[in-house]
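No value in this document is a laboratory result; all are computed from the given coordinates. Given the structure is predicted, the values throughout are model-derived calculations rather than measurements. Cβ sites come from the backbone with ideal geometry, for glycine too, and all protein chains shown count toward neighbours.
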Amino acid sequence: MNTHIKLREIGFTKTAFHKPYEYMDGGTNNMVLDNVVKKWGQRKDGTYGWTEIPKLHPKSNSFWKLVFNERHTIWVSVVNNNIDKVWIEDKEIKRPLGYGTRNESPLKTIYTYETINKIISKRQIINLLPATIKRDFIIRDLLK
């Protein structure tokens, strides 16, 4: 079965490509659009500065989002029609201002293709999630 069909059955919607925004101290805060590449160099008019070049993603790659509730958003990156990474964003966790503070990040990577076996079913996707979200998924499936 196709990965896209599995994600749609769970409730994910296809969205524009995003990437985790990383702070200088290595912490991440949230997802930001990944549609341009900024390069420093000489412009056409002879001056130096930043230029934005549109970023082209392969057709076999896609990005998916599920707003589970007011608190949790789940992001999925699909590369070559395989689930590559899964992130969970907790909107109630706030990152404090200032550098050097390594508190809990609101964005957590819960799956990467390199570390865990390949995901091939809906149940494996649901099992990646924390227990409270997994429980709500199961209850929602029972009520259908």
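Over the alpha carbons of region 3-143, what is the largest minus smallest coordinate on each principal axis, giving the biggest first in Å?
Principal extents (largest minus smallest coordinate, Cα): 64, 38, 28 Å.
Could you put Val67, Val37, Val78 in order, starting from the residue whose Cβ has the fewest other Cβ atoms within 10 Å?
Arranged by neighbour count, lowest to highest, Val67, Val37, Val78 become Val37, Val67, Val78.
In what order do His18, His57 fall by count of nearby beta-carbon atoms within 10 Å, going from fewest to most?
Values: His18 17, His57 13.
So the residues, fewest neighbours to most, are His57, His18.
Can you put Thr132, Thr112, Thr73 in order of Cβ neighbours within 10 angstrom, beginning with the fewest?
Working: Thr132 10, Thr112 13, Thr73 19.
Least crowded to most crowded, the residues run Thr132, Thr112, Thr73.
Could you give the nm distance between label points at His4 and Phe17, where each point is 7 Å from its Cα heading toward the beta carbon?
1.6
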